[in-house]
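What follows is one structure encoded as C-alpha cells, with my remarks underneath.
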Amino acid sequence: MSVFLDTGFIVALTNKRDSNNKQASATLELIKEGKLGHLFTSTFVFDELVTHILVRQNHSKALEIGQSIEIESNQFIKIC
C-alpha cells in the first residue's frame, strides 16, 4: 500500500489552528508506525506547499519548511 501526501495534509500538520490538524497529526502517527505503507508526493505538491507558506506567512518560513522536507528522490512522482 502507498500514501500520496497532498498539500492540504502537510499544511494541516504545520498549522495547529487548521481545522484538520488533529486528524493529520493522528494520521502522521500511523505513517510513522508504518501502518499506511510507503509515502509518495509530487514536485507539484512540494512547489504548492512552499508557495502557500510564502503567500500566507513569509519567505523565511517557506524556506524553513522547504528545507525541512527530506524526501528521497524515489519518493517523488514526476508529472510531465
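Miscellaneous remarks
- Restricting attention to the range 1-39, the residues that are touching a residue at least 12 places away in the same chain (Cβ under 8 Å) and assigned to a helix (DSSP H, G or I) total 13.
- V50 part of a helix (DSSP H, G or I), at pLDDT 90 or above, among the β-branched types (V, I, T) and surrounded by fewer than 11 Cβ atoms within 10 Å (Cβ to Cβ): no
- Candidate set: the range 1-29, residues that are in contact with a Gly (Cβ under 9 Å, 6 or more places away or on another chain) and over 15 Å from I65 (Cβ atoms); chosen: the one surrounded by the most Cβ atoms within 10 Å (Cβ to Cβ): V3
- Candidate set: the range 30-47, residues that are open to solvent by 100 Å² or more (accessible area, probe 1.4 Å) and at pLDDT 85 or above; chosen: the one nearest to T14 (Cα to Cα): K32
The values are calculated or read from the model by the stated rules, or taken from the named source; none is laboratory data. Quick caveat: nothing in here was measured; it's all calculated off a predicted structure. Counting neighbours? That spans all protein chains shown, and the Cβs are built from the backbone with ideal geometry, glycine included. For the accessible areas, the whole protein counts, side chains as well, though only heavy atoms, and no ligand, DNA or RNA atoms are used. Shrake-Rupley method; radii C 1.70, N 1.55, O 1.52, S 1.80 Å.
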